[in-house]
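Accompanying notes for the structure given below.
Just so it is clear, none of the values below were taken in a lab; they were calculated from the coordinates. Being a predicted model, the structure only gives us computed values, none of them experimental. All Cβ positions, glycine included, derive from the backbone under ideal geometry; neighbour counts span all protein chains shown.
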Amino acid sequence: MTRRHALASTTDKRLVSYASGSFNAYAAVYGLQQMALLLPAYAVDLEALYGYAGIGDARRLWGVVADLVAAIARVEPTMETLIDFGFTQAIEVDRIIAHGGHFALAESPILKRLDFRSAILGDVGPVVMSAVEHDLVAKPLLELFQDEIRAYDIDAAENAPAGADVRTFRDVVRTLADEPAGFPMWDGRPMFLEEQKALLDYLAKCVGTEIVADALIDEPLGEFLLRGCGRSPDPTSRVTKYSM
């Protein structure tokens, strides 16, 4: 029996290395894997309905994938990056549309790690100030991602017919295959294009949430302070900062 929540054997070693760092990091790479495998099917359906000129939404979503990869690996969010990391199916849309706005992560200050060099020399102040500045950006961004995820599921619950079993994107994602070959059924029928787009955006928000959670500085700061007090953190404890 195949183990659930497994990364593909072809996953780039840089993503595998990132995934090994925490439960949040693993969830980010796993969700990225599912999103990237569903995107080609979305592009095919868009082209079937609108022609090749109408695949702009697929190009935008590949741009989101590039942004997420860039945030994970600290590289540029480009088509070349996607190809380098093995997401070669992006070539089918010819080009990507760069991702921007509140949810763009590639250039986000939350990815900046704490610099402990001054604290090693006895000046903890700059480290604490950096931690405060990071917290002021990272925590609201994490909440913004979480609010987007909740909004999708609340909308599904509110629009469900009276007495019907409510199926949300959260339910779909929980049952989605590790390496999906296509979109799941929705209410006993294939997903409409807007539903496909929404599911892909939902997956992207889930991945973004995990990346932000993994980048929170409370854990490394806590470890540093423990060592400063002459105590060592338990190396076997890996607490999930956020979980779907």
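Taking only the C-alpha atoms of region 139-216, the Rg (one decimal) and the largest Cα-Cα distance, Dmax (whole number), read 13.6, 41 Å. Cβ crowding within 10 Å, taken as a proxy for footprinting-reagent exposure, orders 62, 186 from fewest neighbours to most as 186, 62.
For the listed residue pairs 139/205; 139/197; 13/112, the alpha carbons are over 25 angstrom apart in 139/197. Amide hydrogen proximity for residue 186: with H placed 1.01 Å from N in the peptide plane, the residues at 5 or more positions away or on another chain lying under 5 Å are 191. Phi angles of region 203-208 translate, via the Karplus equation with coefficients 6.51, -1.76, 1.60 and θ = phi - 60°, into HN-Hα couplings of 4, 4, 5, 5, 5, x Hz per residue; Gly and Pro are given as x. Taking packing as the residue-averaged number of other Cβ atoms within 10 angstrom, the listed peptides 4-11, 68-75, 189-196, 26-33 run from highest to lowest as 26-33, 68-75, 189-196, 4-11. Couplings 3J(HN,Hα) of region 87-94, computed from phi: 8, 6, 5, 4, 4, 4, 9, 6 Hz, in residue order, whole Hz [Karplus 6.51 cos²θ - 1.76 cosθ + 1.60, θ = phi - 60°; x for Gly and Pro].
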